[in-house]
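Heads up, the thing below is written out as structure tokens.
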Amino acid sequence: MAINWPISPRRLKELGVLGMNQRNGEFIAEMNARRYYPLVDDKLLTKELAEEAGLHVPKLYGVISTTHEIKQLAKLVGIHEDFVIKPANGAGGDGILVIDGKQSHEPLIYRKSSGMAIGMDAMALHISNILAGAYSLGGRPDVAMIEYRVKFSPLFEKISFQGVPDIRTIVYRGYPVMAMVRLPTTQSDGKANLHQGAIGAGVDMAGGQTLDGVAHNRHVTHHPDTREPISGVDIPGWQSLLEMAAKCSDMTGLGYLGVDVVLDRDLGPLILELNARPGLSIQVANGEGLRHRIDRTDRHVDHLLRDETPAERAAWSREHLAPMNL
């Protein structure tokens, strides 16, 4: 079911749509203690925690934390044909520079994911901006991470443009309650960012199949670049993906969490990042509000006699939070 906008407040309530004020006051403020925020806001710390928990993340090649260390850039990336440079405390995908190959060796010129050429001097300038806090939360000084570039799975090849699609799952009280796939487009410049024009496609919680999508709050059934239908793509290992999301809640201590996972062609699922303030557009992508799923989860958790494992939580969500079961 698509949510057609604009829509009356009464209809929003019937659909169980969670609003920004309610999300901020009832979930983020009450369920996410501020002392845990650094665990997800700092991508370096998130990576360390995930590895300790046995979860897979993109391999870290190096970190640049001072302007003096920028001269080590060539050494850090020297053996790698492709890589990603990103701010450790960035938000919304800003400041991420994706390098997908070398264009020439003498002089050393790389190629960005957009196909444009970039030299070492331009990359050094980008890192300098990262260190200065140009992309960090609150404009605070930051550090630059250099890591493995995800080789995206061919699974979404027909419904994505250039960039790497990711899977966002909302986890509430340790239970995955809603998910979507974010699909890059020409308009989003190959980034899986809904605010820049990427498509958000809902996911059926029971079987892990994509549903129709949304772009700029408009219902879409086909990808604008490939013209392929968005719905009906089966995501492999769906149970395992939901278990990963549930483990991230345990790992961080956050009661309301967004977990972003990418499917790598060679390495399988990798945790890309976590978010203590996940957006609400996932509701539009699924054509359904979060409120009903949260209420059902509350009823289940409040009557438990023991804590359930991540695998049990994932299985419960698949059985009880699919639209036909609500």
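The values are calculated or read from the model by the stated rules, or taken from the named source; none is laboratory data. Just so we're clear, the structure is a prediction, and the values are computed from it rather than from any experiment. In this analysis, Cβ positions are derived from the backbone assuming ideal geometry, glycine residues included, and neighbour counts consider all displayed protein chains. Side chains are part of the model used for accessible areas, which takes the heavy atoms of the whole protein and leaves out ligands, DNA and RNA. Shrake-Rupley method; radii C 1.70, N 1.55, O 1.52, S 1.80 Å.
Would it be correct to say that residue 247 is open to solvent by 50 Å² or more (accessible area, probe 1.4 Å), of a type outside the set (Asp, Glu), in contact with a Leu (Cβ under 7 Å, 6 or more places away or on another chain) and touching a residue at least 60 places away in the same chain (Cβ under 8 Å)? Taking the combined requirement at face value, the residue satisfies it. For segment 148-195, enumerate the residues that are hydroxyl-bearing (Ser, Thr, Tyr), touching a Lys or Arg at 6+ places or on another chain (Cβ under 6 Å) and not in a strand (DSSP E or B). Those that are hydroxyl-bearing (Ser, Thr, Tyr), touching a Lys or Arg at 6+ places or on another chain (Cβ under 6 Å) and not in a strand (DSSP E or B): 148, 153. Does segment 307-317 contain at least one residue that is surrounded by fewer than 16 Cβ atoms within 10 Å (Cβ to Cβ) and modelled with pLDDT under 95? Scanning segment 307-317 turns up at least one residue that is surrounded by fewer than 16 Cβ atoms within 10 Å (Cβ to Cβ) and modelled with pLDDT under 95. Would you say residue 231 is in contact with a Gly (Cβ under 9 Å, 6 or more places away or on another chain) and surrounded by fewer than 18 Cβ atoms within 10 Å (Cβ to Cβ)? When the stated conditions are applied, residue 231 passes them.
If I filter segment 217-233 for residues that are within 17 Å of the chain's Cα centre (by Cα) and charged (D, E, K, R), do I get at least one hit? Walk me through it before giving the result.
Step one: filter segment 217-233 for residues within 17 Å of the chain's Cα centre (by Cα), giving none.
Among the residues of segment 217-233, not one is within 17 Å of the chain's Cα centre (by Cα) and charged (D, E, K, R), which makes the answer no.
If you go through segment 129-166, how many residues are of a type in the set (S, T, N, Q), open to solvent by 40 Å² or more (accessible area, probe 1.4 Å) and either farther than 17 Å from residue 93 by Cβ or at pLDDT 95 or above (or both)?
Keep residues of segment 129-166 that are of a type in the set (S, T, N, Q), which gives 129, 136, 153, 160, 162.
Okay, now just the ones that are also open to solvent by 40 Å² or more (accessible area, probe 1.4 Å), so 129, 162.
Then keep just the ones that are either farther than 17 Å from residue 93 by Cβ or at pLDDT 95 or above (or both); that gives 129.
Number satisfying all stated conditions: 1.
For the condition more than 24 Å from residue 277 (Cβ to Cβ) and either open to solvent by less than 10 Å² (accessible area, probe 1.4 Å) or among the acidic types (Asp, Glu) (or both), residue 199 does not qualify.
Filtering segment 55-111 to residues that are among the charged types (D, E, K, R), touching a residue at least 24 places away in the same chain (Cβ under 8 Å), within 18 Å of residue 142 (Cβ to Cβ) and open to solvent by 40 Å² or more (accessible area, probe 1.4 Å) leaves only 94.
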